[in-house]
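The values are calculated or read from the model by the stated rules, or taken from the named source; none is laboratory data. Quick caveat: nothing in here was measured; it's all calculated off a predicted structure. No Cβ is skipped: glycine too gets one built from the backbone with ideal geometry, and neighbour counts run over all protein chains shown.
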């Protein structure tokens with residue numbers, strides 16, 4: 001796992017001092033080594049976190065034998081050993097790294113051919129000096145970040161925005177994108193391809209493009225993998241499906257145990273992390289699990305379940321005690337690391353446990369993705385219900401008057417008139433409704449279709465008529481890469497820790513989407529298949545308990561441990577928000593009349609980010 005950075009100037013040579021300063025902003029992503037390559041108006045940079053092939057031979061930028069082709073690469077290619085066997089006879093090899101497999105794979109199969117063969121998590125740039133081209137790609141689910149900036153004089157790419165805007169002249173050209181701000185208030189994050197900055201873009205998951213230096217243009221942008229065209233198969237019994245699913249997950253876990261450094265697992269005691277830990281314990285004799293313990297918040301503390309899982313599997317349990325007195329310090333630390341506002345308070349304990357785990361391991365496996373691939377959220381049932389009983393919408397208009405606007409029941413009933421794709425991201429986000437955003441944001445003028453434009457486009461691509469799979473697909477394309485995987489990546493990489501996600505395996509996802517949605521949610525039971533599998537190894541009362549998620553007492557923190565922080569940052573007059581409306585939301589929350597915790601977090605997240613980048 002690493003950080004990559006590159007810059008191409010149209011007319012001038014690279015300022016090496018400025019380049020190195022920008023590269024150093026990525027040090028936490030790669031504390032072990034750094035490397036650069038300069039060729040007049042081109043600079044490539046790399047910060048290394050050593051995971052595979054710890055020798056200097058694995059350092060980057062890496063070059064082919066001729067020196068004409070080079071690569072900077074962030075991530076892990078899990079099938080690199082198999083691919084190396086296909087390539088072995090054609091090249092002289094300098095290392096045992098997956099990076100060299102990418103480099104030689106490009107030379108033999110070409111860029112498009114390479115992308116059809118690799119499995120893993122990645123964001124990389126290949127510079128072909130002979131063709132005056134740079135080739136870029138981001139992995140299938142968007143586990144690894146990739147940002148870029150492009151104008152008439154400069155092209156820059158990086159693993160994080162901080163490296164791009166470290167150049168003060170570039171930063172001056174980047175302003176707040178008002179549409180992205182509005183999207184953030186609905187989603188809780190900014191969906192790709194936009195960022196909070198108007199001139200900085202994210203490369204979407206499973207997408208590649210080419211930068212032509214001579215023509216000075218981005219071209220051939222396309223997706224190299226998709227789930228929307230997977231056809232549902234009806235020829236498998238439940239026994240066949242369970243056996244195939246188990247086989248794929250086991251193989252996925254085994255692939256992700258390839259490492260030359262210590263690794264472990266984040267264990268909550270829930271279905272997904274317990275399943276990953278179960279297969280790890282079958283493959284490895286020495287498994288370390290790490291669990292957050294909420295000493296001051298027993299309602300959210302699931303330590304007892306996690307300890308029982310660890311004991312049942314015979315793995316070591318490391319308990320990370322997170323007290324309320326630690327909240328503010330850790331919250332500020334991770335806010336200072338983030339380059340875009342991200343409204344998810346669960347990043348605080350995840351950052352904390354990552355800091356704790358880093359003392360013992362360098363790689364952590366997690367259960368992320370199980371909900372989005374196998375149906376873990378109640379909104380999937382809600383989407384299916386509304387589509388099947390849409391004729392009830394005339395009743396919903398009356399019934400919603402029985403509930404408060406901040407309740408999940410109100411959102412459910414109010415969304416009968418919304419499109420499928422907008423409902424998808426209004427459900428469960430804890431965000432604002434349209435009327436509320438128009439009250440909050442000054443000069444607000446965006447339509448719902450503009451706000452959910454990415455969701456609308458993806459929704460139009462999905463070919464199946466299965467409501468649950470359609471809902472899962474939208475989350476896999478937007479919520480997962482732009483929210484949950486960003487949260488996991490930033491919380492871990494801020495501590496120089498790599499996270500791997502076995503339940504987001506390419507082949508596993510393809511198989512899951514070939515199954516009817518009723519295999520994911522059956523008779524109201526969410527994650528039906530995964531629960532069936534893990535109940536072979538873990539006590540059923542653990543597996544079939546009520547889903548809690550990675551909950552934190554944010555509402556209480558706002559009134560107590562974080563009150564000073566919210567008092568300071570909610571009412572910054574930056575010209576974007578109506579402060580009287582902000583005061584109304586805050587007072588409602590403090591007086592316990594309405595739970596506005598998620599809305600207040602969105603406002604604070606943006607204001608904190610804005611002051612960090614524009615007022616200091």
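Worth pointing out:
- Between 83, 44, 115, the distinction of being surrounded by 19 or more Cβ atoms within 10 Å (Cβ to Cβ), under 26 Å from the mean Cα position of the chain (by Cα) and in a helix (DSSP H, G or I) belongs to 115 only.
- Single unsatisfied condition, residue 523 versus (1) on the phi > 0 side of the Ramachandran plot; (2) crowded, with 21+ Cβ neighbours inside 10 Å: (2)
- So residue 208, is it within 23 Å of the chain's Cα centre (by Cα), surrounded by 17 or more Cβ atoms within 10 Å (Cβ to Cβ) and closer than 30 Å to residue 10 by Cβ: yes
- Annotation: residue 60 fulfils all but one of (1) under 30 Å from residue 15 (Cβ atoms); (2) modelled with pLDDT of 95 or more; (3) in contact with a strand residue (DSSP E or B) (Cβ under 6 Å, 6 or more places away or on another chain); the unmet one is (2).
- Search result, residues across region 192-223 that are in a loop (DSSP other than H, G, I, E, B) and closer than 14 Å to residue 147 by Cβ: 192, 193, 195, 196, 198, 199, 203, 204, 205
- Residue match in region 178-190 (condition: outside the structural domain of residue 601 (by TED's automatic domain parsing), assigned to a strand (DSSP E or B), under 30 Å from residue 609 (Cα atoms) and in contact with a strand residue (DSSP E or B) (Cβ under 7 Å, 6 or more places away or on another chain)): no
For every residue, the table says whether it meets (1) modelled with pLDDT under 90; (2) more than 24 Å from residue 337 (Cα to Cα).
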{"site": "29", "(1), (2)": "no, no"}
{"site": "32", "(1), (2)": "yes, no"}
{"site": "38", "(1), (2)": "no, yes"}
{"site": "44", "(1), (2)": "no, no"}
{"site": "48", "(1), (2)": "yes, no"}
{"site": "75", "(1), (2)": "no, no"}
{"site": "87", "(1), (2)": "no, yes"}
{"site": "97", "(1), (2)": "no, yes"}
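- Residue match in region 136-144 (condition: surrounded by fewer than 19 Cβ atoms within 10 Å (Cβ to Cβ) and farther than 30 Å from residue 440 by Cα): no
- Residues of region 353-382 satisfying the condition of being farther than 23 Å from residue 253 by Cβ and buried (at least 24 other Cβ atoms within 10 Å of the Cβ): 380
- Unique residue being outside any helix (DSSP H, G or I), at pLDDT below 95, under 24 Å from residue 374 (Cβ atoms) and within 26 Å of the chain's Cα centre (by Cα) when the list is 292, 261, 265: 292
- Residue in region 320-335 that is at pLDDT below 95, under 20 Å from residue 556 (Cα atoms) and surrounded by 17 or more Cβ atoms within 10 Å (Cβ to Cβ) present: yes
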